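The values are calculated or read from the model by the stated rules, or taken from the named source; none is laboratory data. What you see is a predicted model, and the numbers here were worked out from it, not measured in a lab. We place every Cβ from the backbone using ideal geometry, glycine too, and count neighbours over all the protein chains shown. Calculation scope for accessible area: heavy atoms of the full protein, side chains included, ligands and nucleic acids excluded. Shrake-Rupley method; radii C 1.70, N 1.55, O 1.52, S 1.80 Å.
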Amino acid sequence: MALLVQKFGGSSVGSLERLKAVAERVRKTRHAGDDVVVVVSAMGKTTDELTRLARSISRHPPQRELDMLLASGEQVSIALLSMALQELGVAAVSMTGQQVGIVTEAAHGRARILNIRTERVRTCLAEGAVVVVAGFQGTATSANGNLEITTLGRGGSDTSAVALAAALGAKCCEIYTDVEGVLTTDPRIVPSAQLLEHISCDEMLELASLGAAVLHPRAVEIARNYGLPLVVRSSLSDHPGTCLTSNRRQRVAGAALELGKPVDALELVRHQGLVALSHVPDRPGVAARLSEVLSGAGINVDLIVQSLHEGASNDMAFTLERRDLERAHAVVSALSGRLGGTRPFVVAAYPELAKLSLVGAGITARPGVAASMFATLGQAGISLRMIATSEVKVSCVIEDRAAGQALDLLRERFALTPSQVHLEAIPCEDEDSSPAVRGVALDCGQAQASVHGVPDWPGAAAAVCRALSDDNISLDTIVQSECTRQTPLGAARDLAFTLPRQALEQARQALAPLLQQWPGAELIPGGPIARVSAVGAGMPCTAGTAGRMFRALADAGINIAMIATSEIRISCVVAQEDGEAALRAVHHSFNLAG
Ligand code: ASP
Ligand code: MG
């Protein structure tokens, strides 16, 4: 006999008929012998409706009262579902977040879960009852010591369910929704998108825009951190859905269920080389050609970055195994002058580098982490040759001789234990059965911006990131230019990044005091962009994946404005109007349509 947590979303309990069908499904699970905790959302569009009511009374409803109001939606569902179960002869008891003991931060409207007291639920389960829990809500102690109702943020009942499952040590958490599971891409743009049977939590987090449409990202972070098997499936069918997996096994302890340390590993890969190209023509097909000659020569590249320089040509850089550096330099140089453009591009090679990465769920959503990594290295006089970021990882390429020192500094800064420090690249499995790319996502809510003239001294890039993170602005993709430009302060570089579009003006204000100190430095806001990302944990072990993506875009006539990769994600920034076509082309090129 195992314990299962089953969560039913608003559409699954959207009518009395659907609610009864849910009760029937729960009855079956219970009769098969498992203990069941059910978490439910408010019925149908109730939460929207309640929000509308609040707004029609007040333009800015007080957060405390809004939580009081919104939490009522879930309370209706639990009572009705519990009645429906009892009608079917199943012992059941409903509980609010407070009755369960879901303790959160005292932040109305966006509270994160600190801990869950499981005794009351366990007692009810031991008595043979199904426990029906209100999702989305918890309880917090306010500054003056009073108990308050909090909510976790829209879509938060997924997070309630997964947190409860982790705290109870459940065998699995099943999220029932109105889609069959997680698809390879957005089916509204690519109708041939296929259902994925399995996907890792890391991959799901990287597919941010795609993933968020199916599951609350915080729910995925919890499942990842605690190694909880999570299934997304339809409440309308018996299809098994998509299973999300994680190989981490953190124990739920203390009072920081959702607020655990943001960084859970540090990885160092030594013996890396870097090839930097400047003045690469800015036109479709160039990145594809370069990648193809490299994979044609049997050279597997690791990180790739590209950004626009001087508004006319691109900078490009990639890292690879040190032993392949000379050959890579030769094959790439052979293309110089043969890719069009007004002048041949320039190639430089740097040996003896190392890649240092911080790993943790939701690392980009906590902008302070990258900034603090860069600052720690900068204070020690360690320069960053390259920066690569993704949802679950921030990597820096540094001089190999500084690797030991950098490792010690970061280990201390992020309080990591020896078992959280990995000194080797994760080896590829021999016959990897899973395809290199699992899914492709399109992100349209972002803009590009660059800071020109960041002094080329240690800590300068960190200062830019810090100024933004102090203002709570999350940078997603960050690319540091390889080319230097001359400013009154000496050599300087450009830093390009993508950020939420509505944060552009805020970023300008946040950076102003810093940029004033650097003559010649300025923020150049870019237009709206689309970012297409291909994601797959098997990518580092499959040569030519990036080249294939670049080729697909080139063949569709789409120019790539910016490239940023991490181990499990390749992102290309394209003009906004090319976004959907780019998504289709990339999805097709990886045979994701089956
Ligand atoms: N009822 C809440 C909402 O609509 C929570 C949820 O459904 O997950 O956002
Ligand atoms: Mg939902």
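Just a few scattered comments:
- Close Cβ contacts (under 7 Å, 6 or more residues apart or on different chains) running from residues in segment 31-50 that are without any contact (Cβ under 8 Å) to a residue 40 or more places away in the chain and of a type in the set (Gly, Ala, Ser) to residues that are in a helix (DSSP H, G or I) and within 12 Å of ligand 2 (Cβ to nearest atom) comprise 44/10; 44/11.
- Close contacts from segment 461-473, counting a first residue that is over 10 Å from residue 368 (Cα atoms) and a second that is outside any helix (DSSP H, G or I) and of a type in the set (S, T, N, Q), with Cβ to Cβ under 7 Å and a gap of 6+ residues or different chains, come to 461/480.
For every residue, the table says whether it meets (1) modelled with pLDDT of 85 or more; (2) open to solvent by less than 60 Å² (accessible area, probe 1.4 Å).
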| position | (1), (2) |
| --- | --- |
| 482 | no, yes |
| 511 | yes, yes |
| 517 | yes, no |
| 520 | yes, yes |
| 530 | yes, yes |
| 535 | yes, yes |
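- Residue that is farthest from the chain's Cα centre (by Cα), among those in segment 215-245 that are part of a loop (DSSP other than H, G, I, E, B) and among the aliphatic types (A, V, I, L, M): 236
- The condition (being outside any helix (DSSP H, G or I) and open to solvent by less than 20 Å² (accessible area, probe 1.4 Å)) is satisfied by just one residue among 372, 395: 395.
- Qualifying residue in segment 228-237 (condition: within 16 Å of ligand 2 (Cβ to nearest atom) and over 16 Å from residue 180 (Cα atoms)): no
- Qualifying residue in segment 67-87 (condition: part of a strand (DSSP E or B) and either in contact with a helix residue (DSSP H, G or I) (Cβ under 7 Å, 6 or more places away or on another chain) or surrounded by 17 or more Cβ atoms within 10 Å (Cβ to Cβ) (or both)): no
- Residue tally, condition farther than 18 Å from residue 25 by Cβ, in a loop (DSSP other than H, G, I, E, B) and within 14 Å of ligand 1 (Cβ to nearest atom), over segment 151-184: 5
- Test result for residue 219, within 12 Å of ligand 2 (Cβ to nearest atom) and either within 27 Å of residue 256 (Cβ to Cβ) or touching a Ser or Thr at 6+ places or on another chain (Cβ under 6 Å) (or both): yes
- Test: residue in segment 119-142 that is in contact with a Pro (Cβ under 9 Å, 6 or more places away or on another chain), of a type outside the set (Ser, Thr, Tyr) and part of a strand (DSSP E or B): no
- Segment 7-17 - residue that is touching a residue at least 60 places away in the same chain (Cβ under 8 Å) and within 16 Å of ligand 2 (Cβ to nearest atom) and, of those, farthest from residue 95 (Cα to Cα): 11
- Looking only at residues in segment 398-423 that are among the acidic types (Asp, Glu) and touching a residue at least 24 places away in the same chain (Cβ under 8 Å), the one that is least open to solvent (accessible area, probe 1.4 Å) is 400.
- Residue 20 meets each of the listed conditions (1) surrounded by fewer than 23 Cβ atoms within 10 Å (Cβ to Cβ); (2) under 27 Å from residue 181 (Cβ atoms); (3) of a type outside the set (Phe, Trp, Tyr); (4) within 16 Å of ligand 2 (Cβ to nearest atom) apart from (4).
- Selection within segment 328-348 - open to solvent by less than 40 Å² (accessible area, probe 1.4 Å) and of a type in the set (A, V, I, L, M, F, W, C): 328, 332, 335, 339, 345, 347, 348
- Flag if residue 104 is closer than 24 Å to residue 220 by Cβ, open to solvent by less than 50 Å² (accessible area, probe 1.4 Å) and not aliphatic (A, V, I, L, M): yes
- Checked against (1) of a type in the set (Gly, Ala, Ser); (2) open to solvent by less than 40 Å² (accessible area, probe 1.4 Å); (3) at pLDDT below 95, residue 212 passes all but a single condition, namely (2).
- Given (1) open to solvent by 70 Å² or more (accessible area, probe 1.4 Å); (2) modelled with pLDDT under 95, number of the condition residue 497 does not satisfy: (1)
- When 122, 117, 110 are checked against the criterion of being within 16 Å of ligand 1 (Cβ to nearest atom) and among the basic types (Lys, Arg), a single residue qualifies: 110.
- Criterion violated by residue 111 - all others in (1) in contact with a helix residue (DSSP H, G or I) (Cβ under 6 Å, 6 or more places away or on another chain); (2) assigned to a loop (DSSP other than H, G, I, E, B) satisfied: (1)
- Residue 180 among the acidic types (Asp, Glu) and either more than 30 Å from residue 538 (Cα to Cα) or open to solvent by less than 10 Å² (accessible area, probe 1.4 Å) (or both): no
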